[in-house]
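J.: Can you read through this structure? Questions will come right after.
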Amino acid sequence: MKIYNSLSLGLCCLGLVPGVQGSVCLASGHEHPAQVHVWQENLPDKVVYHYRVSNLADRVSIPTVVVGYDYYHGVPVLTSRPARIRSPQGWTGQIISTEESHNVEVEWSRNDSSHSIQPGLELRGFALEVPTANDSYRSFYTLYFGDGRPASSKLLRDTAHRREGIR
């Protein structure tokens, strides 16, 4: 197991540390792999960003998903508030803001432990509606595993919705 300092972790998340691969960087240095994919749906009156969370860990569930939070710099990055938050069954989403920034983040939490994203599974249904396209909604995510450890990285582009006939 390799343990990196916070600078290395941040560079890892940006893909700048040679020999370190993967889409997830962990603050603790422990490996709880996960991925969050995003795809953008352009409609005449709004844009919807859809998120798919995959828990690739062996034993630890995911009870919390955050979009628009750069864990390694400790800042929210969404430059506008979503008009609507969509949540999968058993989850609740909320906008989180701070006094230090006009930016926000969106946090989804499961309503009870039976709705956590279990190891080896993925969950769809997380979505944010905004009036116009905004690249900050395709930037960063942070996940918190059931043991409290965070994982944060850049969102991955989701192309699976095309293969599955979702438009």
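The values are calculated or read from the model by the stated rules, or taken from the named source; none is laboratory data. As the structure is a prediction and not an experimental result, all values here were calculated from the model. When we count neighbours, we look across all protein chains shown, and the Cβ atoms used for this are built from the backbone with ideal geometry, even at glycine.
J.: So the check is Cβ under 6 Å with 6+ separation or different chains; which pairs have a first residue in the range 111-132 that's more than 26 Å from VAL48 (Cβ to Cβ) and a second one that's in a strand (DSSP E or B) and modelled with pLDDT of 95 or more?
T.: PRO119/ASN55
J.: Within the range 120-153, track down each residue that is touching a strand residue (DSSP E or B) at 6+ places or on another chain (Cβ under 7 Å) and of a type in the set (S, T, N, Q).
T.: Selection gives THR132, SER136, SER139, THR142, SER152, SER153.
J.: Determine, yes or no, whether TRP91 is aromatic (Phe, Trp, Tyr), modelled with pLDDT of 95 or more, closer than 24 Å to LEU128 by Cα and in contact with an Asp or Glu (Cβ under 7 Å, 6 or more places away or on another chain).
T.: So TRP91 does not fit the description; no.
J.: GLU99 is checked against (1) at pLDDT below 95; (2) closer than 16 Å to ARG52 by Cβ and fails just one. What number does that condition carry?
T.: (2)
J.: Please determine, by comparing only the residues of the range 36-78 that are among the polar types (S, T, N, Q) and more than 14 Å from the chain's Cα centre (by Cα), which one is surrounded by the most Cβ atoms within 10 Å (Cβ to Cβ).
T.: SER61
J.: Looking at VAL24, VAL65, can you tell me which residue is under 21 Å from LEU156 (Cα atoms), of a type in the set (Val, Ile, Thr) and at pLDDT 95 or above?
T.: VAL65
J.: Condition first: in a loop (DSSP other than H, G, I, E, B), touching a helix residue (DSSP H, G or I) at 6+ places or on another chain (Cβ under 9 Å) and among the hydrophobic types (A, V, I, L, M, F, W, C). Now tell me which residues in the range 57-82 satisfy that.
T.: Selection gives VAL77 alone.
J.: Mind telling me which of the residues ILE95, ILE85 ends up being aliphatic (A, V, I, L, M), assigned to a strand (DSSP E or B) and touching a Phe, Trp or Tyr at 6+ places or on another chain (Cβ under 9 Å)?
T.: One residue alone meets the criteria, ILE85.
J.: Quick check on my filter: what residues within the range 49-89 are touching a residue at least 24 places away in the same chain (Cβ under 8 Å), of a type in the set (Lys, Arg) and within 16 Å of TRP108 (Cα to Cα)?
T.: ARG52, ARG84, ARG86
J.: Same structure, new question: Among (1) surrounded by 15 or more Cβ atoms within 10 Å (Cβ to Cβ); (2) at pLDDT 95 or above, where does ARG81 come up short?
T.: It fails just one condition, (1).
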